[in-house]
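The block underneath contains the structure these notes are about, expressed in structure tokens.
The values are calculated or read from the model by the stated rules, or taken from the named source; none is laboratory data. From a predicted model like this one, the values you see are computed outputs, not experimental measurements. All Cβ positions, glycine included, derive from the backbone under ideal geometry; neighbour counts span all protein chains shown. Just the protein is used for accessible areas: all its heavy atoms, side chains included, with ligands, DNA and RNA removed. Shrake-Rupley method; radii C 1.70, N 1.55, O 1.52, S 1.80 Å.
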Amino acid sequence: QVELIDSGGGLVQAGGSLSLSCRASGLSPSSYVMGWFRQAPEKEREFVAAISVSGIRTQYGDSVKGRFTISRDNAKHAVYMQMNSLKPEDTAVYYCVGGFQIGTSASQYSFWGQGTQVTVSS
């Protein structure tokens, strides 16, 4: 079992930046694909980004490409997401996720963090 603790959310003005962090603990946390999903009020959960175990391969949702960057540090059992040029539509609860295969479907990820709120004001 893997436990994920995500943090780093907050309030920022449009055009600003935030960095999210996720620390994993449990059985071989660095052996899993890691990623981020988000969910805004009254909207479906949305894939944001994912990174392979080695960190070589990354995948991004269309709405964040070119603005968000995912990275990981396996020595620290951590994954990060740098979010730049934030827009009001990026406002959501962001969830760190872990799974066995990189992909955009929530069902591919077995482990979920508790979520951290990101609010972007206009």
| said: I'm checking my understanding of the structure. Among residues of the range 1-34 that are assigned to a loop (DSSP other than H, G, I, E, B) and touching a strand residue (DSSP E or B) at 6+ places or on another chain (Cβ under 7 Å), which one is nearest to Glu89 (Cα to Cα)? | reply: Ala14
| task | Taking only the range 76-122 into account, find how many residues are among the aliphatic types (A, V, I, L, M), within 12 Å of Arg23 (Cα to Cα) and in contact with a helix residue (DSSP H, G or I) (Cβ under 8 Å, 6 or more places away or on another chain). | result | 1
| Selection within the range 61-70 - open to solvent by 50 Å² or more (accessible area, probe 1.4 Å) and in a strand (DSSP E or B) | Thr69
| query | Out of (1) over 23 Å from Gln1 (Cα atoms); (2) outside any strand (DSSP E or B), what's the single condition that is false for Gln114? | reply | (1)
| query | Of the residues that make up the range 76-95, is at least one closer than 15 Å to Tyr109 by Cα, modelled with pLDDT under 95 and either surrounded by fewer than 20 Cβ atoms within 10 Å (Cβ to Cβ) or within 12 Å of the chain's Cα centre (by Cα) (or both)? | reply | no
| Leading residue by the ranking (surrounded by the most Cβ atoms within 10 Å (Cβ to Cβ)) among those in the range 35-52 that are part of a loop (DSSP other than H, G, I, E, B) and at negative phi | Ser52
| query | For the range 69-102, how many residues meet the condition of being at positive phi and out of contact with any strand residue (DSSP E or B) (no Cβ under 6 Å at 6 or more places or on another chain)? | reply | 1
| note | The correct count of residues that are of a type outside the set (Val, Ile, Thr), touching a residue at least 60 places away in the same chain (Cβ under 8 Å) and open to solvent by 10 Å² or more (accessible area, probe 1.4 Å) in the range 96-107 is 3
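Is it the case, given these coordinates, that Ser17 is open to solvent by 50 Å² or more (accessible area, probe 1.4 Å) and in contact (Cβ under 8 Å) with a residue 60 or more places away in the chain? Talk me through it step by step, then tell me what you get.
Numbers: open to solvent by 50 Å² or more (accessible area, probe 1.4 Å): yes; in contact (Cβ under 8 Å) with a residue 60 or more places away in the chain: yes.
When the stated conditions are applied, Ser17 passes them.
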| Verdict on Gln108 being polar (S, T, N, Q) and in contact with a Gly (Cβ under 9 Å, 6 or more places away or on another chain) | yes
